[in-house]
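**Student:** This structure is in structure tokens; I'll ask about it shortly.
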Amino acid sequence: MSAKANHEIDPFDPPLVEGGHSFGEITEKVCSVVEKKPGKEPIYWWLLLPIGFTGVGALHIFLGWLFWEGTGTWGLQNQAYWGWAIVNFVFWVGIGHAGTLISAILYLFRQNWRTGINRFAEAMTIFAVCCAAIFPGVHIGRPWLPYWLLPLPNQMGMWPNFRSPLLWDVFAVSTYFTVSCLFWYVGLIPDLATVRDRAKNKIRRYAYTALSMGWRGGNRQWQHYEKAYCILAGVATPLVLSVHTIVSFDFAVSIVPGWHTTIFPPYFVAGAVFSGFAMVLTLSIPARHMYHMQDLITMRHLENMAKILLLTGMLVGYAYGCEFFIAWYSGVLYEQAIFILRASGPYAWAYWTMVACNVLSPQIFWFKKARRNEFVLFTVSIFVNIGMWFERFVITITSLSNDYMPSSWEYYSPTLIDIGTFIASFGVFIFLFLLFLRFLPMIAIAEVKAIMPEADPHHHAGHGKDDH
Amino acid sequence: MSSINDTVEEINSKIDDVKFDLEVMGVGPEDQPGQVVGVLAEFESPAALMKAAAKVRDGGYKFYDCHSPFPIHGMDQAMGLKPSVLGIFVFIAGTIGCIGGMALQWWANAYQYKMMISGKPLFSFPAFVPVTFEITILFSALTAVFGMFHLNRLPRLHHPVFYSENFKGASDDKFFVSIEAIDNLFDANRTWELLERIGGKNIEFLVAKK
């Protein structure tokens, strides 16, 4: 306590906000990004914006062609009915999970370091789920009947089959999206009020007044607000675990070799957190330089994320090994064959890419030097993103294209439309993220202030004074 | 004797609640331009704000609030606030979601249109758990957020504190106590003096503008 109050650096608990900023400086630092005049954005913002915007446009073209021609424009074939669309869906949903983990689970465990990165990890969640929702949404074959996914009776009075994991998925992902948006918005309210109070021009004042709904920061409001935040964290925690569990049920509940295993739910959840944290690193390292936020997103934040990558990377590594063991132990010929094929068959290149990226590359984080080196962190985070996409590719494609009857085996290859749609979805993600950086406070101002030692009512302002 | 006092107190607090709600809904008399609708005082730190809160509470005021850019731990006790009832709302909503979700699936697949899938029982409880769970979470989360809006009477774009220019710092790095004129104990001079006595700086009347 006294060490903190006297601003001495404790090697085991370094400060979460560096540079000795006051509350006012934190506000200024975060809000000035939102308040820049149009055209004054960082140069990288302007370089990335056209890329994102092109992606948004390209997505419309690819999806338009898909609706015109049908799912035959994709590389789907008689065995592999699920191609890149499902791979991409699982990839994007998985990325979202780190945002909720940071905002909900780390909140419940009182991990104060989350405050520096939670706002934009949550934004990442929402945009990743948006990208994810595109793929199953356009995969339904008859795109004029999307309401068949909803719990509504059709013209024959027939309801959807609630025993199907695909319907569970609809409920899980839509609930996840709704709760993520609510959580994000509730967190934003006090910060939107800050932007409102600083607004100089009329349009901005009206917009942020409406968005912050007249927040006054009174303790009578904070009381219910904090309760609501805590409850949201409490419900979002089991929710995030359930979402990827249910996504894994899409596979595990079927009787396809390589899919029908009980390890899938925890394995998928670990993989989701793994890929999500990699994406948070991929985004936060450039963002902290672009906006000079090194004092708020410190090396300590990055190092903690590297540790989580190391842990979850080994969890997925364990799952890869366990799958082989169970295949052998089950004594089921098909199960064994599919795993041998994964590691040595036509898709062996994808399998070993996955292992190298997901299991081997994070091992460098055993070294503190690597955990504190942004170049290494960024490179490994890209490897992990690639590796986790390949994990979903390996799971989906190897099991489907090699089924029970070898005469129907066929090598799956994607079409240009498949590849284009996937790349375009990155454009959508980048575009939404750039808009977020421009118009909303990218760091949770109120939460960062609340974890500073000065925010504690028992903190003594006198420097060097004896603290009891 | 004490029971009569209790009753009077209870009635008074109910009257206050109604007054508060009417004011929020904009039913009460409108603020006339130039009318004093409250007093605002600034304090320099979270610790000073907390001490001030306890003193305003002991002064018997009810329509007062302590504004800070972030939640301050221990403030609820200092202000003598009862614990938030939001948890009860959420529990009720979650229970409705849980029962409703299961009932929906039973109604749809086992009763209204009996759907036989791979020889499973019509009411296949385990297969209905995931959707029930998701609906429970959805109802709880929506209630947590909209219940919070209700308890905080948001959105409310119009409030006496917004008449102050200095109050804009409440979302940045300043700490305020505000006492509203609708309080029974409110008296412009005496309330001002109280805030001065407990260490308030930059004290100002909240004067209604057009």
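**Student:** Taking 0.36 nm per intervening residue step and subtracting the Cα-Cα distance, what contour gain separates residue A:307 from residue A:263 on full extension?
**Tutor:** Between residue A:307 and residue A:263, full extension yields 13.5 nm more.
**Student:** I've got another one for you. Starting from the Cα of residue A:368, draw a straight line to each of the lysines and keep only those under 16 Å, dropping any in the same chain fewer than 8 residues away.
**Tutor:** A:307
**Student:** Here's another thing I want to ask about it. Of the options A:407, A:334, A:272, report the single residue whose Cα projects farthest towards the positive end of the charge dipole of the protein assembly as shown (beta-carbon charges: Lys, Arg +1; Asp, Glu -1).
**Tutor:** Working it through, the farthest residue towards the positive pole turns out to be A:407.
**Student:** Can you give me the relative contact order of chain A as a percent, contacts being Cα pairs under 8 Å and 6 or more apart?
**Tutor:** 31
**Student:** Can I ask one more? Using +1 at the Cβ of each Lys and Arg and -1 at the Cβ of each Asp and Glu in the protein assembly as shown, identify which of B:39, A:311, A:123 lies farthest towards the dipole's positive end.
**Tutor:** Working it through, the farthest residue towards the positive pole turns out to be A:123.
**Student:** OK, next. Only helices at least 27 Å long along their axis, Cα-based, and averaging 0.0 or more on Kyte-Doolittle count here, so list those DSSP H runs from chain B.
**Tutor:** Span-like helices in chain B: B:86-105, B:125-151.
**Student:** Listed here are the pairs A:227/B:82; A:449/B:62; A:200/B:51; A:449/B:174; B:51/B:174; A:37/B:168; which of them are more than 24 Å apart at the Cα?
**Tutor:** A:449/B:62; A:200/B:51
**Student:** Continuing with the same structure: Could you work out how far apart the two model spin labels at residue B:32 and residue A:438 are, taking each label as a point 7 Å from the Cα in the direction of the beta carbon, and quote it in nm?
**Tutor:** 4.9
**Student:** Which FRET efficiency, nearest 0.05, do residue A:360 and residue A:330 yield, Cβ-Cβ r, R0 25 Å?
**Tutor:** E(calc), rounded to 0.05, equals 0.35.
**Student:** Round to the nearest 0.05 the FRET efficiency obtained for residue B:54 and residue A:210 when R0 = 41 Å and r is the Cβ-Cβ distance.
**Tutor:** With R0 = 41 Å, the Cβ-Cβ based efficiency is 0.70.
**Student:** Quote the charge dipole size of chain A about the Cα centre in Debye, to the nearest 20; the model charges only the Cβ of Lys and Arg (+1) and of Asp and Glu (-1).
**Tutor:** Computed charge dipole of chain A: roughly 1120 debye.
**Student:** Roughly how many whole Å is it from the C-alpha centroid of the stretch B:81-130 to that of the stretch A:226-282?
**Tutor:** One Cα centre to the other: 21 Å.
**Student:** What is the magnitude of the charge dipole of chain B about its Cα centre, with +1 placed on the Cβ of each Lys and Arg, -1 on the Cβ of each Asp and Glu, and no other charges, expressed in debye to the nearest 20?
**Tutor:** 800
**Student:** Which residue, A:194, A:355, A:254, has the largest displacement toward the positive end of the dipole of the stretch A:53-440 when charges sit on each Cβ (Lys, Arg +1; Asp, Glu -1)?
**Tutor:** It is A:194.
**Student:** In whole Å, how far is the Cα centre of the stretch A:16-84 from that of the stretch A:292-329?
**Tutor:** Between the Cα centre of the stretch A:16-84 and that of the stretch A:292-329, the gap is 25 Å.
**Student:** At 7 Å along the Cα-to-beta-carbon direction for both residue A:375 and residue A:108, put a label point, then send me their distance in nm to one decimal.
**Tutor:** It is 4.1 nm.
**Student:** Given 0.36 nm per residue, what is the gain on full extension from residue A:166 to residue A:314 after removing their alpha carbon distance, in nm?
**Tutor:** Fully extending the segment from residue A:166 to residue A:314 adds 50.4 nm.
**Student:** With a cut-off of 8 Å between alpha carbons and a minimum separation of six or more residues, what is the relative contact order of chain B in percent?
**Tutor:** Contact order relative to length: 43 percent.
**Student:** Between residue A:68 and residue B:44, what is the label-to-label distance in nm when each label sits 7 Å out along the Cα-to-Cβ direction?
**Tutor:** 7.1
All of the numbers you see were taken from the coordinates with simple rules; none came from a lab. Everything quoted here is computed from the prediction, not taken from an experiment. Because the Cβ atoms are built from the backbone with ideal geometry, glycine has one as well, and the counts that use them run over all protein chains shown.
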